[in-house]
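Step one of this worksheet: look at the structure below.
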Amino acid sequence: MDTRGNRFYHETHEPDRRKAKELVLLIASLTADDPNFGAVKFNKALCHADFSMFFRTGKPITGLPYQKNNLGPTLVTLLPLAEELEEQRRIDIKQPRESYEVRRYIALEEPDVSLFSPEELLAVVRAIKRVRDLSANEASDLSHEFPGWAHAEMFETIPYESVFWVDRPLTQEEIAYARKLDQADATPATR
């Protein structure tokens with residue numbers, strides 16, 4: 001709930017688990033050729049795709065909650081979703097054996113892309129491109145610049161609305177505009 005008593009998106013909408021599973025499978029498919037695209041970068045791609053869609057349309061791809069963790073925002077249910085997909089033999093989870101290896105999600109079948117709009121598919125591709133050439137540490141550091149992560153307490157859910165937060169002082173023009181919107185919102189509608 002925000003400071004004005006309004007409930008956040010994740011508090012009022014049901015997530016789409018089916019779409020979330022297909023999103024995990026989609027990202028696994030699109031990153032199959034990248035042995036360095038491990039769990040850290042995977043989480044960042046999921047987060048960026050969901051939050052950028054919320055920014056553009058007011059609706060995320062999955063609606064599932066993300067939380068603040070040390071390495072950045074993480075999808076709370078990624079491991080259960082991945083394990084469910086593995087039980088269904090749709091992905092293979094490659095666990096690291098050595099300290100330098102990364103956990104990888106390997107697609108064993110094609111995702112059902114009919115569940116995604118063209119704009120959502122583009123958001124996923126952009127999210128992957130955003131982190132693909134980064135190391136896991138660089139991707140993690142980049143995610144720490146996200147105001148939603150910066151303002152959350154450890155393990156707290158990051159509201160989708162945080163894509164609109166800024167981590168800088170507002171300009172006088174922005175303050176005046178916000179006051180104007182607030183006054184318009186407080187004025188009873190006239191017919």
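The values are calculated or read from the model by the stated rules, or taken from the named source; none is laboratory data. All values reported here derive from a predicted model rather than from experimental measurement. Positions of Cβ are backbone-derived with ideal geometry, glycine not excepted, and every protein chain shown enters the neighbour counts. Protein only, heavy atoms only, side chains kept; ligands, DNA and RNA dropped before computing areas. Shrake-Rupley method; radii C 1.70, N 1.55, O 1.52, S 1.80 Å.
Only one entry in R89, R97, R103 is touching a helix residue (DSSP H, G or I) at 6+ places or on another chain (Cβ under 7 Å) and either more than 19 Å from F155 (Cβ to Cβ) or basic (K, R) (or both), namely R103.
Screening W165 on (1) among the aromatic types (F, W, Y); (2) over 21 Å from P15 (Cβ atoms); (3) touching a residue at least 40 places away in the same chain (Cβ under 8 Å) shows it passes everything except condition (3). The condition of being of a type outside the set (A, V, I, L, M) and either over 25 Å from E138 (Cα atoms) or surrounded by fewer than 17 Cβ atoms within 10 Å (Cβ to Cβ) (or both) holds for only one of D50, D33, that being D33. Close contacts from region 25-39, counting a first residue that is modelled with pLDDT of 95 or more and a second that is small (G, A, S), with Cβ to Cβ under 7 Å and a gap of 6+ residues or different chains, come to L25/A107; I27/A45; A28/A107; S29/A107.
The combined condition, being over 16 Å from N43 (Cα atoms), open to solvent by less than 100 Å² (accessible area, probe 1.4 Å) and at pLDDT 85 or above, is fulfilled by A176.
Does K44 satisfy being surrounded by 18 or more Cβ atoms within 10 Å (Cβ to Cβ), in contact with an Asp or Glu (Cβ under 6 Å, 6 or more places away or on another chain), among the basic types (K, R) and closer than 26 Å to S135 by Cβ? No: the conditions fail for K44.
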